[in-house]
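Chemist: My questions will all concern the structure given below.
The values are calculated or read from the model by the stated rules, or taken from the named source; none is laboratory data. The model shown is predicted, which means the values in this text are computed figures rather than measured ones. Positions of Cβ are backbone-derived with ideal geometry, glycine not excepted, and every protein chain shown enters the neighbour counts.
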Amino acid sequence: MFEPTSADYLVLGAGIAGLSFALDAAERGTVTVLCKGDAGVSNTAWAQGGIAAVWDDEDTIAAHVTDTLVAGAHLADEQLVRSILREGPPAVRELIGRGVGFDRDDGGEHDLTREGGHSARRVLHAGDMTGAAIQRALLDRVREHDRIQLIEQAVAIDFITERKVARHVAKRSLGIKGHEAMRRYGVAGPEGWMPHTPDRCLGAYVLDATTGGVKAYQAGATLLATGGAGKVYLYTSNPDLATGDGMAMAYRAGAVLANMEFVQFHPTCLFHRGAKTFLVSEALRGEGGILRLPDGTPFMDTVHPMGSLAPRDIVAREIDAQIKRHGLDCVFLDMSHLDADFVRSRFAGIHARLSPLGIDIATDPIPVVPAAHYFCGGVQVAADGATAIRGLFAAGEVTCTGLHGANRLASNSLLEGAVFARRAAIAAGQYVATGGEARPAVPDWDAGDARDPDELVVIAHTWDEIRRLMWNYVGIVRTDRRLQRALDRVALIRREISEFYWDFTLSRDLVELRNVAMVAELVIRAALGRRESRGLHYNLDCPELDDEHWRHDTVLRRPW
Ligand code: SIN
């Protein structure tokens, strides 16, 4: 066995990106994978639709590229899009090789479904629980691997970086403030102080949620694959763990974040007073489902040539407009014109979830509303998954790779996670093999005078406040006034959090709250900065697309 808190590779997150990277990296060294909760729970595991890849002879990479660029409102990086989508079919074959069973038709060929914005059937799926099938297979392979250690209930708090270590040393040994030390000397290196260079990641401080202890996990290279941040919003299709931890940690450490204003709202999540928000896959519309008003009127055909299967930003905005125009709680998805047996068996997972609520998806109108679903922005990475911090790589929803632009094409994200995991594993392997730099000694976590919080309710209330204001002011349709109001409120909340954060004993809730507030602020700042409407960012005060001035990423970086 290897030393539990030190490995060649540290992986934060155990969805498709984290697990795929771990399997590749384990060919070159030891790997520790940390997951915040139970290993089976991730955004990947909750993905229903499938994974998009050109699979059929009639389909082409060029068509997939065009659909991706159009859905992304022409903000995506065309060259990168092409290269990722070319790697799609091999990435899918790799998943199949690792034991993922995608559905096949009666002739034994893989069944391909269709989703919004796709001009062809190119989505491989495992019923309507594709993500769960991927998660299960990859987790099995990871658990079997003797060079991979998987640790659950491990909540990453912050990255350990060379600069952070330097500040600590400066404070402790030289008695000067960290920032002053950095200004004077640069950063601490193996041979003493070094001039300023890009910072370097040495690992992460991690809270053991079962014991409350904090450990320093060190590694030659670290992969960030913590997924998205749907929980920043009141209503979301995401599991509870999607609190933007990786984005917030990366920002605090000095990485670059891009396109945080582009939050995708999935048009069709279940609306039911007796149930939590639940995704009703776009694949239902891919198979012919029609969006209707309560009186049965279909409303998408006059909005877009693809009708109910238009790109997500357009469908979500139209549903939002119809709900506001008619004072509705929700609209309805109708599958009743399709073969009932087909609908119930093809969408067995959704059928099983909705029938206890008295909804038969084959015959009853399904009440749906949009909900926060996917962050198209995140930690900016190069084509090999490298971030602006040496030794820190990233893959999956936590990143902004340049694939999605201003709006993600359905089912492109599992593909992106798999492709970037592979690329990052190669780049991290080279970094570890050639880096060879000695690492400074990492100080233990200093809990200071932290005590148990006497009012846990403060955490719950603050979280609720952030999620509500994000929903109300930073949602599908935005205005400058709403965004400014949200920024003022979040700035106040962040000040309050920083006042009590270091006084209280750390818990998963407290770590998440700090991250949710950070990500909320980044979304608002990016949204206020973009003076046009494009893709998922729609601002009534600047409703036009402005290619001349705004066809570029919105970049945020913490000032030092
Ligand atoms: C869905 O099944 O509708 C979600 C697929 C995706 O978000 O890519």
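Chemist: Looking only at region 333-343, decide whether some residue is within 16 Å of the ligand (Cβ to nearest atom) and assigned to a strand (DSSP E or B).
Modeler: Yes, region 333-343 contains at least one residue that is within 16 Å of the ligand (Cβ to nearest atom) and assigned to a strand (DSSP E or B).
Chemist: Continuing with this model, one more query. Report, by residue number, each residue of region 133-176 that is charged (D, E, K, R), touching a strand residue (DSSP E or B) at 6+ places or on another chain (Cβ under 9 Å) and at pLDDT below 95.
Modeler: E162, R163, K164, R167
Chemist: Scan (1) on the phi < 0 side of the Ramachandran plot; (2) part of a loop (DSSP other than H, G, I, E, B) for the single condition A73 breaks and write down its number.
Modeler: Only one criterion in (1) on the phi < 0 side of the Ramachandran plot; (2) part of a loop (DSSP other than H, G, I, E, B) is unmet by A73, namely (1).
Chemist: Which residues, counting only those in region 91-106, are part of a loop (DSSP other than H, G, I, E, B) and either modelled with pLDDT of 95 or more or within 16 Å of the ligand (Cβ to nearest atom) (or both)?
Modeler: Within region 91-106, R98, G99, V100, G101, F102, D103 qualify.
Chemist: Here is a follow-up. Within region 308-330, work out how many residues are surrounded by 15 or more Cβ atoms within 10 Å (Cβ to Cβ) and more than 16 Å from the ligand (Cβ to nearest atom).
Modeler: Adding up the residues that qualify gives 7.
Chemist: Among the numbered criteria (1) polar (S, T, N, Q); (2) out of contact with any strand residue (DSSP E or B) (no Cβ under 9 Å at 6 or more places or on another chain); (3) within 16 Å of the ligand (Cβ to nearest atom), which single criterion is violated by T434?
Modeler: (3)
Chemist: Let me ask you something else. Find the residue count for region 121-132, including only residues that are part of a helix (DSSP H, G or I) and either surrounded by 22 or more Cβ atoms within 10 Å (Cβ to Cβ) or without any contact (Cβ under 8 Å) to a residue 24 or more places away in the chain (or both).
Modeler: Residues that pass the stated criteria total 2.
Chemist: Also: Within region 355-364, identify whether any single residue is modelled with pLDDT of 95 or more and within 16 Å of the ligand (Cβ to nearest atom), and answer yes or no.
Modeler: Within region 355-364, one or more residues are modelled with pLDDT of 95 or more and within 16 Å of the ligand (Cβ to nearest atom).
Chemist: Within region 23-30, is there a residue that is touching a strand residue (DSSP E or B) at 6+ places or on another chain (Cβ under 9 Å), within 20 Å of E416 (Cβ to Cβ) and within 16 Å of the ligand (Cβ to nearest atom)?
Modeler: no
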